1. Tell me, please, whether a residue that is assigned to a strand (DSSP E or B), surrounded by fewer than 15 Cβ atoms within 10 Å (Cβ to Cβ) and not charged (D, E, K, R) can be found in region 151-160.
2. Could you please find all residues in region 126-136 being under 10 Å from the mean Cα position of the chain (by Cα) and within 14 Å of residue 111 (Cα to Cα)?
3. Do the conditions hold for residue 168, that is, is it open to solvent by 60 Å² or more (accessible area, probe 1.4 Å), closer than 30 Å to residue 10 by Cα and touching a helix residue (DSSP H, G or I) at 6+ places or on another chain (Cβ under 7 Å)?
4. Go through (1) in contact with a helix residue (DSSP H, G or I) (Cβ under 9 Å, 6 or more places away or on another chain); (2) open to solvent by 90 Å² or more (accessible area, probe 1.4 Å) one by one and return the number of the condition residue 27 breaks.
5. Of (1) farther than 17 Å from residue 148 by Cα; (2) free of Cβ contacts under 8 Å to residues at least 24 places away in the same chain, residue 64 satisfies all except one. Which?
6. Scan region 138-153 and give yes if some residue there is among the hydrophobic types (A, V, I, L, M, F, W, C) and in contact with a Ser or Thr (Cβ under 6 Å, 6 or more places away or on another chain), otherwise no.
Amino acid sequence: MRKRRLLWQLFPSFLILIIASIIAITWYASTSFRNFSLQQTADILKTRGHLAIPRLIPSIRVNDETEIQKISRELGAVTGTRFTLIDLSGKVIGDSEQDPAAMDNHGDRPEVIAALDAGFGEAIRYSYTLKQNMLYAAIPVKDSGTVIGVLRLSLAITSIEDALTAVYKRIALAGLAVVLLTAVLSYFLSRRV
């Protein structure tokens, strides 16, 4: 029985090691980039919320739900963000995209609970109202230091996922090019050894 040449003992090992390394690096980079993008978006929503609260507080003080709804719709149209104002009982009193009277109680939403407990809450989940995955960020609405409600902002993550898919394709193509290049190099290196 003929012994296998050293080349065919070294080359597959080099190739498997390189491919495994590139897959691990690609997965880590993709996951990190996705998490970074979602965190940046949540921070943007939080900032938009803090900027909107002063405009909403006068209407909340007098419980003018018509004006709250009008402001919510204006803010939503200007920013491309969904604004939902929730009172302390969980009742929706303003929403930029839906009729608040037709909406469920939001007091049990994780981002609303976190906002009341920790000052900020975020969550990603499917919206049955809008029929798409959404990123939610919620902050408490304070008037003279007293919490009087929660402002929740949300964006469809479809656009984020589309942008990430384009980046993943580029990473995959670059990874494939690196695999091919390193396969050729490892073949020649194995031959020299």
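The values are calculated or read from the model by the stated rules, or taken from the named source; none is laboratory data. If you're wondering where the values come from, they're calculated on a predicted model, not measured in any experiment. Note that each Cβ is placed from the backbone with ideal geometry, even for glycine, and that neighbours are counted across all protein chains shown. The accessibility values were calculated without ligands, DNA or RNA, using every heavy atom of the protein model including side chains. Shrake-Rupley method; radii C 1.70, N 1.55, O 1.52, S 1.80 Å.
1. Let us first name the residues in region 151-160 that are assigned to a strand (DSSP E or B), namely 151-156.
With surrounded by fewer than 15 Cβ atoms within 10 Å (Cβ to Cβ) added as a condition, the list becomes none.
Scanning region 151-160, I find no residue that is assigned to a strand (DSSP E or B), surrounded by fewer than 15 Cβ atoms within 10 Å (Cβ to Cβ) and not charged (D, E, K, R), so the answer is no.
2. Start the filter on region 126-136 by keeping residues that are under 10 Å from the mean Cα position of the chain (by Cα), which leaves 133-136.
The answer is 134, 135, 136.
3. Working: open to solvent by 60 Å² or more (accessible area, probe 1.4 Å): yes; closer than 30 Å to residue 10 by Cα: no; touching a helix residue (DSSP H, G or I) at 6+ places or on another chain (Cβ under 7 Å): yes.
Criteria not met by residue 168.
4. (1)
5. (1)
6. If we filter region 138-153 for residues that are among the hydrophobic types (A, V, I, L, M, F, W, C), which is where we start, we get 138-139, 141, 147-148, 150-151, 153.
Pick out the ones that are also in contact with a Ser or Thr (Cβ under 6 Å, 6 or more places away or on another chain) and you get 153.
Taking every residue of region 138-153 in turn, at least one turns out to be among the hydrophobic types (A, V, I, L, M, F, W, C) and in contact with a Ser or Thr (Cβ under 6 Å, 6 or more places away or on another chain).
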